[in-house]
1. Starting from the Cα of Thr168, step 7 Å along the direction of its Cβ; do the same at Thr104; then give the gap between the two resulting points in nm.
2. Counting other C-beta atoms within 10 Å, which of Val28, Val51, Val37 has the fewest, and how do the rest follow?
3. How much mean residue ellipticity at 222 nm does the chain get from its helices, if each DSSP H run of length 4 or more adds -39500 (n - 2.57) and you divide by all residues, to the nearest 500 deg cm²/dmol?
4. Taking only the alpha-carbon atoms of segment 1-98, what semi-axes of the equivalent ellipsoid follow from 5 times the gyration tensor eigenvalues under a square root, in whole Å, largest first?
5. Indicate the helices, whole DSSP H runs only, in the chain that combine a mean Kyte-Doolittle hydropathy of -1.0 or more with a Cα extent along their long axis of 20 angstrom or more.
6. In the set (i) 1.41; (ii) 1.35; (iii) 1.21, which value of Cα Rg over 2.2 N^0.38 Å was calculated from the structure you see?
7. Given springs between every Cα pair under 10 Å in a Gaussian network model of the chain, which of Glu138, Glu38, Glu171 has the largest fluctuation?
8. Whole Å is fine, so just give me how far the alpha carbon centre of segment 12-64 lies from that of segment 143-169.
Amino acid sequence: MISDLVRKAQRHDLEAFTELFQQHRGLVFSICLSMVVEIDAAEDLTEETFVAAFERLPTLRDPTRFVAWFRRLAGNNCRMWLRRQRETAVEALPDRADRESTGTADNRLLLEEALRTLPEQGRLVLTLRFGAGRSYREIADMLEVTEDRVRSRLHEARQQLKRELLKTVRELLQQQLGSEELAQQVLSR
């Protein structure tokens, strides 16, 4: 049971904390990605959230509220990061995307741009379902909504993402082929 794991982790049991990490990494990453919409930043914030959780876990009074506490911690970390980004408005140092092949970096950029068009809740449900592999029931429990609401948000997010990606593909084809007509013909096949 999760509350037992939390109690052990509160006593700095690394095995219990590792189990919590494995069970909740997808949730935290999904929250971070839905808020900051940058894959590398979301990965960094996920790690920072787990470090903060390890340090602050002894202050959690009710282990049964761990998931809600953890979601708040992740959200607060992301909000602080976003605030720092706005305040500094300085370009970040080269990151992992710079070391990746151009194609992979371009794909990541396209994905981030498409995700940015979604509302935060849509991004969260989408990344929990497809990024973290969570079931509708698990997502509903995490977000404290019904399964039907999860399905609805997921459907809306997928439709919007599909429209956005098709628009991007159309624009790329127009650039490459030099013609709206030709791009339409390619997309209609």
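1. Calculated label separation equals 1.8 nm.
2. Values: Val28 26, Val51 11, Val37 19.
Final ranking by Cβ density, sparse to dense: Val51, Val37, Val28.
3. On the way: 10 runs with 147 residues, N = 189.
After summing the helix terms and dividing by the residues of the chain, the value is -25500 deg cm²/dmol.
4. On the way: eigenvalues 150, 35, 24 Å².
Semi-axes (√(5λ), whole Å): 27, 13, 11.
5. Working: long enough: 14-36 (30 Å, 0.80); 39-56 (25 Å, -0.09); 66-88 (33 Å, -0.80); 102-116 (21 Å, -0.40); 147-177 (44 Å, -1.22).
Going by DSSP H runs, the hits are 14-36, 39-56, 66-88, 102-116.
6. Comparing each candidate, only (iii) matches the computed number.
7. Judging by the Gaussian network model, the answer is Glu171.
8. 25 Å
Quick note: the coordinates plus some simple rules give every number you see, no bench work behind them. Just so we're clear, the structure is a prediction, and the values are computed from it rather than from any experiment. Ideal geometry is used to build each Cβ from the backbone, glycine not excepted, and the neighbour counts take in all protein chains shown.
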